[in-house]
Amino acid sequence: MSELSVKIVSLKGSYVQFGKTQGKELKNTPLLEQLKMLSSLNSHPNVQKGEQLLKQFSPNLLEEIEGLGKALGVEREMALRFSGYDVIFPKMGCTTLVTNGTYIRNYDFSPMLYDARLVFTKPTDGYATVGFSQQILGRLDGMNEKGLVVGLHFVNNEERAEGFFATTIVRMVLEQCADVDEAIELITNIPHGYCYNYSITDRSGKGIIVEAAPDKQIISENDPLICTNHFISESLLSKNRNDLQLQGSIARKNYIESLLENNDKTINYYKAFNNEDSPLFSSYYDQFFGTLHTVIYDPKDLKVVVGIGKNSSPIEFSLKAYLKDELILPETITGWIEYEMLG
């Protein structure tokens, strides 16, 4: 068993400053080498097209990339790969429930490829956010100051096209969209590189799943919302994987449906996600499918509750307090996982 430590990061100011601050943080760290490795999985990404699309969809993110590249001292082409456009990424898993106005989620992946960063941002041009980063610039899940919450769910990386990786899309949505309708508008206009589900809610309590393949995106409203790692729309079923992970995704969805019959309290749902004996918790870290964090986003009160690893005591943060510069953040939060960390 190993301790998993997640760094708490606060970024305030311009996007160029965001990039420079993170570049200084990451220089000469293992996380930078991980970022370079992930960015080089596709040896010839179309970085020029990616740059053009960033100018169209997210010029702020392009500014952050430029600041990051300068601080790291890497060539512009390598920095642009960090955008997640036309790059390959390993499989990952996750489970989400939206009920009674709250968004509850587990994220499953490998600790060796996990940023382990919970990032608070307060940009001069864009919505303030809180969320878990991936490849530094992207977000696995998060919430913004308007109460919009978004998370990604891997479906398939065998069918791919030239487009953005899901973590970049989540980041764009969080910083540019105020509600579910604006999120749908952006997601359905961005080019997608892979097959992913996006689970979305906002202060209205509306729960939306966007089933996104490179060639098609299907929107469904769900109350309560349950989202795992497979498509359910008839026209997209052929894009699902036919393996044990697909069966596990279906089993997790079915288990949550059984939990809903009890109409439980939010804290009990947290335990159902975070308890190591739960069907929703996974310890397959060697197969890129171990639970790394459990998170609850509360869009109405702008609160986020976090648990790292298994059986962890929930820790609460207030995005409202952060906006007022009244939140004192710890340097790290920690938890335990059944995995032998190297080094």
Completion exercise
Quick count over the range 265-308, residues being in contact (Cβ under 8 Å) with a residue 24 or more places away in the chain, in a strand (DSSP E or B), open to solvent by 10 Å² or more (accessible area, probe 1.4 Å) and in contact with a Leu (Cβ under 8 Å, 6 or more places away or on another chain), is 0
Problem - Residues of the range 312-331 classified as farther than 11 Å from Ile8 by Cβ and open to solvent by 80 Å² or more (accessible area, probe 1.4 Å), total - result: 6
Exercise for the section: Please indicate, with yes or no, whether at least one residue in the range 30-41 is open to solvent by 10 Å² or more (accessible area, probe 1.4 Å) and modelled with pLDDT of 85 or more. Expected result: no
Practice task
Give the residue, chosen from Val180, Val74, that is surrounded by fewer than 22 Cβ atoms within 10 Å (Cβ to Cβ) and free of Cβ contacts under 8 Å to residues at least 40 places away in the same chain.
Solution key: Val74
Problem - Selection count, the range 309-337, where residues are outside any strand (DSSP E or B), in contact with a Phe, Trp or Tyr (Cβ under 8 Å, 6 or more places away or on another chain) and not aliphatic (A, V, I, L, M) - result: 5
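Across the range 112-127, what is the number of residues that are over 17 Å from Gln176 (Cβ atoms) and not in a strand (DSSP E or B)?
Total satisfying the criteria: 5.
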Handout entry: Those residues of the range 246-295 which are under 14 Å from Ile104 (Cα atoms), out of contact with any helix residue (DSSP H, G or I) (no Cβ under 6 Å at 6 or more places or on another chain) and among the hydroxyl-bearing types (Ser, Thr, Tyr), in sequence order
Key = Thr266, Tyr269, Tyr270, Thr291
Practice task
Please tell me if Gly147 is under 23 Å from Tyr322 (Cβ atoms), of a type in the set (Gly, Ala, Ser) and touching a residue at least 40 places away in the same chain (Cβ under 8 Å).
Solution key: yes
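The values are calculated or read from the model by the stated rules, or taken from the named source; none is laboratory data. These numbers come from a predicted model, not from an experiment. Methodologically, a virtual Cβ is constructed for each residue, glycine included, from the backbone with ideal geometry; neighbour enumeration extends over all protein chains shown. These area figures cover heavy atoms from the full protein model, side chains too; ligands, DNA and RNA do not enter into them. Shrake-Rupley method; radii C 1.70, N 1.55, O 1.52, S 1.80 Å.
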